[in-house]
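Novice: Structure provided below as structure tokens; questions to follow.
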Amino acid sequence: MTASKPSWQKKRVELDLEEVAGDGSFSGYASIFGSLDLGHDIIAPGAFAASLRRRGPPDIRMLFQHDPDQPIGRWTAIREDGRGLHVEGKLALATSRGREIHALMKAGALDGLSIGFRTLKAARQQKGGVRRILMADLWEISIVTFPMQPEARVTSVKHLSPEEHLIATIRRATRIVAGHGA
């Protein structure tokens, strides 16, 4: 008898982001409740509730590829809903890394989200060795190429209306002319 090779499944949300000319705002799910990740963990509903009450979005960092040397923006809203950990954030477009990530998101080349946390309470299932995370201290949420939980994805990138785009362009030009930079 030969052992079979593990089969990998790619689960993606198909999005059309090519026409985005946004302000760096986006939203998605950083974790899906009840979904087995590639590390054999399942996050239970409510696992982040205490951490979110204690920290709130301002104290949960937005990083690129879990690298603490690469903050790329800020989270504006983080909440648990019936599906999972829903996030809304804004990339720092004044930075070259923020603009690069925004361009990659618009092109559909970068859309993974991944959480960095400390497990506070968990239960391991005897069968299959799956760990169920019951309580976690959320530290950061990263934009990543390959998320540990394949369904954890950016689901939308905010569009600027033509009027908002014009206003932003005029303001940027005014700051440049006034000598305050872009």
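The values are calculated or read from the model by the stated rules, or taken from the named source; none is laboratory data. All figures in this text were calculated on a predicted structure; none of them were measured in a lab. Every residue, glycine among them, receives a Cβ derived from its backbone with ideal geometry; neighbour counts consider all protein chains shown.
Novice: Any idea which residue in region 80-115 is farthest from the chain's Cα centre (by Cα), counting only those that are surrounded by fewer than 16 Cβ atoms within 10 Å (Cβ to Cβ) and under 14 Å from Ser31 (Cα atoms)?
Specialist: Filtering region 80-115 for residues that are surrounded by fewer than 16 Cβ atoms within 10 Å (Cβ to Cβ) and under 14 Å from Ser31 (Cα atoms), the one farthest from the chain's Cα centre (by Cα) comes out as Gly82.
Novice: Identify the single condition in (1) among the hydrophobic types (A, V, I, L, M, F, W, C); (2) assigned to a strand (DSSP E or B); (3) surrounded by 14 or more Cβ atoms within 10 Å (Cβ to Cβ) that Ala77 does not satisfy, given that it satisfies every other one.
Specialist: Going through the list (1) among the hydrophobic types (A, V, I, L, M, F, W, C); (2) assigned to a strand (DSSP E or B); (3) surrounded by 14 or more Cβ atoms within 10 Å (Cβ to Cβ), Ala77 breaks only (3).
Novice: Which residue out of Ala109, Ala94 is farther than 14 Å from Asp37 by Cβ and either free of Cβ contacts under 8 Å to residues at least 40 places away in the same chain or basic (Lys, Arg) (or both)?
Specialist: Answer to the selection: Ala109.
Novice: Now, a different point. Tell me which residues, restricted to region 89-128, are in contact with a Gly (Cβ under 9 Å, 6 or more places away or on another chain) and of a type in the set (S, T, N, Q).
Specialist: Across region 89-128, the qualifying residue is only Thr95.
Novice: Further question on the same structure: Among residues belonging to region 69-79 that are out of contact with any Ser or Thr (no Cβ under 9 Å at 6 or more places or on another chain) and in contact (Cβ under 8 Å) with a residue 40 or more places away in the chain, point out the one that is nearest to Ala136 (Cα to Cα).
Specialist: The selected residue is Ile78.
Novice: Right, next: Evaluate the following for Glu140: is it surrounded by 15 or more Cβ atoms within 10 Å (Cβ to Cβ), at pLDDT 90 or above, among the acidic types (Asp, Glu) and outside any helix (DSSP H, G or I)?
Specialist: Answer is yes for this residue.
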